[in-house]
Amino acid sequence: MPDLIETSAEEVQTWLDEGTAMIVDVREDNEVVQHRIAGETVHLPLSRFDPDAVPTDSGKRVIFVCAQGVRSFQAGQYILDQEILSEAYNLSDGIAGWAQAGLPLESG
């Protein structure tokens, strides 16, 4: 079974700019309202995570995201273990790492 691939905020930003990636944000509603990564995003809170809602046919890299990279790792690895996707990525250090890298976040 494949392992979830850890990736940096800078690499994810490059893929988003190229239009070759999409985000699956597994944070809870109250977290997403505070700030989020701009771009093609599916919000699937881990507390009510629905694996069937994970996009599988976009042809883009699927990047799992949370606050620190722990919940997104769990969700992404589960998707791989269930063979819903054959490849998936985890944003190392989550939104916190994204902000630390100085990359843009949307709020509201």
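None of the figures in this text is laboratory data; all of them are computed from the coordinates on show. Note that the structure is predicted; figures quoted are calculated from it, not measured. Please note: Cβ atoms are built from the backbone with ideal geometry, for glycine as well, and neighbour counts cover all protein chains shown.
Here are some notes:
- The length gained on full extension between Glu11 and Ala96, counted as 0.36 nm times the residue separation minus their Cα-Cα distance, comes to 29.1 nm.
- Each peptide in 19-32, 44-57 receives the mean, over its residues, of other Cβ atoms within 10 Å, and ordering these scores from highest gives 19-32, 44-57.
- Within the chain, DSSP assigns beta bridges of which about 5% are antiparallel (rounded to the nearest 5).
- Estimated vicinal HN-Hα couplings, Hz - region 61-74 in sequence order (Karplus 6.51, -1.76, 1.60; Gly, Pro = x): 5, 9, 10, 8, 9, 8, 6, 10, x, 8, 5, 5, 5, 4
- Rounded to 0.05, the FRET efficiency of the Val33 and Ser86 pair, given R0 = 35 Å and the Cβ-Cβ distance, is 0.60.
- Working note: Karplus 6.51/-1.76/1.60 with θ = phi - 60° gives region 40-45 the couplings 5, 9, 10, 9, 10, x Hz, where Gly and Pro are set to x.
- Using 0.36 nm per residue and subtracting the Cα-Cα separation, the extra length available between Leu103 and Arg48 on full extension is 17.0 nm.
- Packing-based ranking, highest mean first, of 80-92, 96-108 given that Cβ atoms within 10 Å are counted: 80-92, 96-108
- For Asn90, residues with placed amide H under 5 Å, excluding near neighbours: Ile5, Glu6, Thr7, Phe64
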